[in-house]
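I'd like to ask you about the structure that follows.
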Amino acid sequence: MLSETILLEQVTMMANKLWGGRFDKAADEEMYSFLSEENVALDEALVKYDIEGSAAHVCMLAKQGIIAKKEAGEMLSALAAVQKKSDEGKFSLDPMLEDVHTNVEAAVTAITANGKKMHTARSRNDQVSLDTRMYMRTAINDVSSALLELQQALLELSKKDCIFPAYTHTQVAQPVSLAFWCHAHYCEIERDLERLSQLYARVNACPLGSGAVAGTTWNIDREYTSKLLGFSAPTANPMDSVGSRGELEAEMLSHLYLAMAHASKIATDVILLANKRLIILPDEYSTGSSMMPQKKNPDPFELVRGKASRMLGLYVHAAGLLKSVPSGYNLDSQESKYALMQGVKTAQQTFSILAHALPHLAFDKGKIALELEDGYACATELADLLAKKGVPFRAAHSVAGGMVKECISKKKFLSSLSASEVSAAAGVKIADAELKEAVSVDKVARFAAAYKMPAASAHAKALEARKKALDAAHALLEKEIKSLLK
């Protein structure tokens, strides 16, 4: 049996690594930096989750009689002290301690020697999965809030309702309304919120107790730990729990990419219509040129498009990590942490700036009307009018197309056609009022009735319910902690 002196020398030699007992030589410094430097910097965002997860784990160990109530109380007091230091900005992670888990454990152990028992029945593999899932729950809720704010911005913008151009193939297609355009993008965001809500249900399972890969022989209570941390249930299989690290992260990034693609579409519409002078960019969300005095550039909208490209790269980064790895935990998955955290930050910033900018847009209704007239945007409604009068649609389409061609040659608009001209070309009687309604570019009334903007998203209630569930779990954990501190 090794003496305490030899053990102390080994611990010192291995720089307090949790796994040092197996090794005779210290880790190469370059290798160690390669493994841990960036990872520890990212782990700063996980400190509060690691502490909360550790507190729940300690409560469970005490409940099961694995540690004494007094030992648990000392560990919980120490965890609270570390959290207080973190809140005050006085607790920073040491890269030499590899990760947030070792840093927290070392800080607790520095306060009470019982901290050495805190890691009983768990591994850093299930710890990082736990911390990441807790981080992701918050991130999903925060991103959902940002998307709901973007929907509200579209709602505010829709109140400026006016005629608006719809395009296909970047060519004028049909006249619509501003509210109709806003509603279309609102619907896109509804799907983004739905995907995030579905993801939350998959994230909201507790991996703690999975151990390194095969669970643990300790008599733990995973249901109790899950309840204290606000999870719906424990994960089903330990090997899957730790071996699937990166899968949920990649899924979230795929959802964020689609949401960013939608944001990019909004931004591109603004850019194109501003170039046509149909949209007037707000001074507060535009920039100028250092050389050209006349310029007013849509830089924030252009950067939204750029950020969408970044998100695609982050998704591909995370998804690529899932390929060609064997079952069980592999350190490749550590890379998913960078992609996830960068993606969440990028998404929140993008949705926020877009939500703040959109309500400030203004519109030149005269130029919009000219754009629609010059694009013969009412040709479809003219063909439909003829079809309603009994002309087969294919024939009506041909007649309307011929009228457009004639108008182009004579440099006039469809709105200048007389009922007699149209009646003669189509071979049916068309009344003046019918023709006027069909070729008018002002379709606001029709779209206002059929596509009314919702007052609020149904996902707002779902988000509030998720937040309340987390608050309730936190209150329960605090109650359990207090009972052990008595």
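The values are calculated or read from the model by the stated rules, or taken from the named source; none is laboratory data. Source: prediction; values computed, not measured. Note that each Cβ is placed from the backbone with ideal geometry, even for glycine, and that neighbours are counted across all protein chains shown.
When the residues of region 422-436 are filtered to those that are within 17 Å of residue 395 (Cβ to Cβ) and out of contact with any Lys or Arg (no Cβ under 6 Å at 6 or more places or on another chain), which remaining residue is modelled with the lowest pLDDT?
Looking at residues that are within 17 Å of residue 395 (Cβ to Cβ) and out of contact with any Lys or Arg (no Cβ under 6 Å at 6 or more places or on another chain), I get 426.
Which condition number in (1) under 37 Å from the mean Cα position of the chain (by Cα); (2) surrounded by fewer than 18 Cβ atoms within 10 Å (Cβ to Cβ); (3) under 30 Å from residue 184 (Cα atoms) is the one that residue 459 fails?
(2)
Could you grab me the full set of residues in region 110-128 that are closer than 13 Å to residue 54 by Cα and either hydroxyl-bearing (Ser, Thr, Tyr) or in contact with a strand residue (DSSP E or B) (Cβ under 6 Å, 6 or more places away or on another chain) (or both)?
Result: 120, 123.
With 73, 115 as the choices, which residue is in contact with a Leu (Cβ under 7 Å, 6 or more places away or on another chain) and either surrounded by 18 or more Cβ atoms within 10 Å (Cβ to Cβ) or in a helix (DSSP H, G or I) (or both)?
Among 73, 115, only 73 is in contact with a Leu (Cβ under 7 Å, 6 or more places away or on another chain) and either surrounded by 18 or more Cβ atoms within 10 Å (Cβ to Cβ) or in a helix (DSSP H, G or I) (or both).
Test residue 210 against the criterion of being among the polar types (S, T, N, Q), part of a loop (DSSP other than H, G, I, E, B) and buried (at least 24 other Cβ atoms within 10 Å of the Cβ), and give yes or no.
yes
In region 229-262, which residue that is of a type in the set (Gly, Ala, Ser) and not in a helix (DSSP H, G or I) is farthest from the chain's Cα centre (by Cα)?
236
In the list 90, 85, which residue meets the criterion of being without any contact (Cβ under 8 Å) to a residue 40 or more places away in the chain and in a helix (DSSP H, G or I)?
When all the criteria are applied, what remains is 85.
Taking the conditions exactly as written (surrounded by 15 or more Cβ atoms within 10 Å (Cβ to Cβ) and touching a residue at least 60 places away in the same chain (Cβ under 8 Å)), does residue 435 satisfy them or not?
The answer is no for residue 435.
Just a yes or no: is a residue in region 283-295 in contact with a Ser or Thr (Cβ under 7 Å, 6 or more places away or on another chain) and assigned by TED's automatic domain parsing to the domain that holds residue 166?
Among the residues of region 283-295, at least one is in contact with a Ser or Thr (Cβ under 7 Å, 6 or more places away or on another chain) and assigned by TED's automatic domain parsing to the domain that holds residue 166, which makes the answer yes.
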